[in-house]
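The values are calculated or read from the model by the stated rules, or taken from the named source; none is laboratory data. Values in this document were obtained by computation on a predicted structure and should not be read as measured data. Counting neighbours? That spans all protein chains shown, and the Cβs are built from the backbone with ideal geometry, glycine included. The protein model used for the area step is the full one, side chains on, heavy atoms only, and it has no ligands, DNA or RNA in it. Shrake-Rupley method; radii C 1.70, N 1.55, O 1.52, S 1.80 Å.
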Protein chains: 2
Amino acid sequence: MSHTLGVRQAQKQKTRQALLDAALGLLAEQSLSSLGLREVTRVVGIAPAAFYRHFKDLGELGVALVEEALGSLHVMVRAILAEQDGAEERIDRTVAVVERHVRAYPLHIRFIARERHGGVRAVRQAIADELDRFAEEVAAALKSQPVSEGWRDDDIRMLAELYVDRLVTTAAALLDADEDGAPGAADQVVLTARRQLRLISIGRQHWQEEGDLS
Amino acid sequence: MSHTLGVRQAQKQKTRQALLDAALGLLAEQSLSSLGLREVTRVVGIAPAAFYRHFKDLGELGVALVEEALGSLHVMVRAILAEQDGAEERIDRTVAVVERHVRAYPLHIRFIARERHGGVRAVRQAIADELDRFAEEVAAALKSQPVSEGWRDDDIRMLAELYVDRLVTTAAALLDADEDGAPGAADQVVLTARRQLRLISIGRQHWQEEGDLS
DNA sequence: CCATCCAGTAAACAACCGTTCTCTTAACTT
DNA sequence: AAGTTAAGAGAACGGTTGTTTACTGGATGG
């Protein structure tokens with residue numbers, strides 16, 4: 001198999017990817033709803049009209065960016081969830097993965113954090129859907145752990161959402177810390193993230209004891 | 001005292017407020033970096049050039065909006081923190097306050113959620129600073145509670161950040177649920193938020209026990 | 001009462017925008 | 001080899017943008 005795909009389509013996908021890359025670069029310092037079509041094509045080096053051969057909208061390009069941005073993180077965390085080590089080790093490894101990912105794809109993280117509540121409805125929706133699937137996977141992984149014995153399904157789900165949310169927030173904070181230039185800022189974020197996850201983990205272990213007073 | 005302030009300055013503050021209101025309204029469906037100066041003045045009904053009598057920038061207007069948006073929530077939560085009831089009651093009341101606040105000032109919440117990672121540096125910074133002061137206040141309140149006996153200061157701080165972050169996230173989620181039109185969505189968010197706070201509270205109570213295995 | 005101040009007006013500016021055409025040219029099909 | 005397809009070029013369009021200028025007219029304070 002592996003049909004050579006044709007010179008034609010190959011070139012098309014190449015400039016399509018160039019459009020995505022250019023847009024992602026520009027979005028490091030502005031938001032999608034203020035991004036100009038001409039601005040993007042100018043960076044790529046093609047005529048403005050050529051844009052329409054690939055996307056009918058900047059919103060459509062945005063949705064494509066969402067898939068690209070969340071795809072890689074998706075597999076990485078899935079790998080972590082499959083592991084079977086202790087809670088403490090898992091926390092350390094999770095945070096380490098997030099840290100590495102932020103360093104490897106800072107523009108992707110920026111984009112997601114920025115457009116999650118941004119001005120383009122379609123993109124917001126795409127991110128929400130993707131994060132939802134993400135939470136569902138986390139929930140499935142949590143459920144198969146012995147600590148979750150006797151948990152209600154929606155309690156597992158709420159815990160999964162708490163985790164996912166924390167990962168996204170941590171990634172964004174880490175990014176901010178990195179570009180602030182302050183030397184120890186990033187390490188501080190990592191430390192805080194680990195302890196927050198630890199606290200959540202502790203809460204999880206005592207969740208079923210019920211009787212809680214001030 | 002209460003000097004009548006002068007007809008002159010009163011009128012000026014009036015149109016200044018009108019500019020803020022108009023901008024906030026427009027920002028319900030776009031982000032600050034795509035908002036046009038003329039767009040705002042058109043809504044208010046004044047000439048574009050008159051804008052410069054009040055702000056030199058749309059960024060400056062944005063910073064003013066940050067103060068307006070976070071000011072009210074600030075006092076409300078401060079009131080809650082001062083209370084001395086049990087953990088469970090405090091959680092319920094906190095979530096209730098957030099819910100009421102979202103309903104009362106939805107545009108403020110939208111704005112904060114959107115511009116927290118938005119495209120205008122000055123506004124991002126203003127929000128970060130404000131949320132930082134917020135976390136500091138929460139930390140102070142947490143410290144004076146008996147549960148915090150023997151806690152390290154930076155552990156209290158990390159808990160405070162966890163709480164603040166959760167409130168902001170919950171507010172944004174609640175807003176999304178409201179405008180989605182789905183009937184039970186908002187209640188679901190409230191329920192989830194309460195349980196997440198409860199889990200964090202449980203983790204807090206067992207924080208010092210240390211020994212945790214999977 | 002009169003001179004000063006200043007919030008807002010009106011017009012003009014060059015720069016940029018998204019979108020629509022027609023045309024070219026190279027890759028594909030048969 | 002001839003005919004078809006489609007990515008991209010290039011120019012033109014009406015419209016909007018931020019900013020600057022000179023101005024008006026009513027509140028302000030001596």
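Restricted to segment B:150-179, and to residues that are more than 8 Å from chain A (Cβ to nearest Cβ) and β-branched (Val, Ile, Thr), which residue is most open to solvent (accessible area, probe 1.4 Å)? Here the answer is B:Val168.
Here segment A:89-98 is the region considered, the condition is being open to solvent by less than 40 Å² (accessible area, probe 1.4 Å) and within 21 Å of A:Ser148 (Cβ to Cβ), and the residue that is nearest to the other protein chains (Cβ to nearest Cβ) is A:Ile91. With respect to the conditions (1) assigned to a loop (DSSP other than H, G, I, E, B); (2) more than 8 Å from chain A (Cβ to nearest Cβ); (3) modelled with pLDDT under 95, B:Gln208 lacks only one, and its number is (1).
Assess whether A:Glu60 counts as being open to solvent by 40 Å² or more (accessible area, probe 1.4 Å), closer than 18 Å to A:Arg114 by Cβ and either near DNA strand C (Cβ under 8 Å from one of its atoms) or within 14 Å of chain B (Cβ to nearest Cβ) (or both).
No, not satisfied.
Among the residues of segment A:28-55, those identified as outside any loop (DSSP other than H, G, I, E, B), under 25 Å from B:Arg116 (Cα atoms) and among the polar types (S, T, N, Q) are A:Ser33, A:Ser34. Pairing residues of segment B:77-88 that are within 11 Å of chain A (Cβ to nearest Cβ) with residues that are assigned to a helix (DSSP H, G or I) and open to solvent by less than 40 Å² (accessible area, probe 1.4 Å), at Cβ distances under 7 Å and at least 6 apart in sequence or on separate chains, gives B:Ala87/B:Ser201.
In segment A:18-57, which residues are open to solvent by 40 Å² or more (accessible area, probe 1.4 Å), more than 12 Å from DNA strand C (Cβ to nearest atom) and more than 29 Å from B:Arg124 (Cβ to Cβ)? If the condition is that a residue be open to solvent by 40 Å² or more (accessible area, probe 1.4 Å), more than 12 Å from DNA strand C (Cβ to nearest atom) and more than 29 Å from B:Arg124 (Cβ to Cβ), then A:Gly45 is the only one that fits. Restricting attention to segment A:1-17, the residues that are more than 14 Å from A:Phe55 (Cβ to Cβ), away from DNA strand C (no atom under 11 Å from the Cβ) and charged (D, E, K, R) total 1. Only one entry in A:Arg8, A:Arg38 is under 23 Å from B:Ser33 (Cβ atoms), within 16 Å of DNA strand D (Cβ to nearest atom) and without any contact (Cβ under 8 Å) to a residue 24 or more places away in the chain, namely A:Arg38.
The one condition from (1) at positive phi; (2) in contact (Cβ under 8 Å) with a residue 24 or more places away in the chain that B:Gly181 does not meet is (2). Only one of the numbered conditions (1) of a type outside the set (S, T, N, Q); (2) without any contact (Cβ under 8 Å) to a residue 24 or more places away in the chain; (3) within 14 Å of chain A (Cβ to nearest Cβ) is not met by B:Ala28, and that is (2).
Per-residue answers, yes or no, for (1) within 23 Å of A:Ile202 (Cβ to Cβ); (2) outside any helix (DSSP H, G or I); (3) not polar (S, T, N, Q):
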{"residue": "A:Tyr163", "(1), (2), (3)": "yes, no, yes"}
{"residue": "A:Thr170", "(1), (2), (3)": "yes, no, no"}
{"residue": "A:Asp178", "(1), (2), (3)": "no, no, yes"}
{"residue": "A:Pro183", "(1), (2), (3)": "no, yes, yes"}
{"residue": "A:Val189", "(1), (2), (3)": "yes, no, yes"}
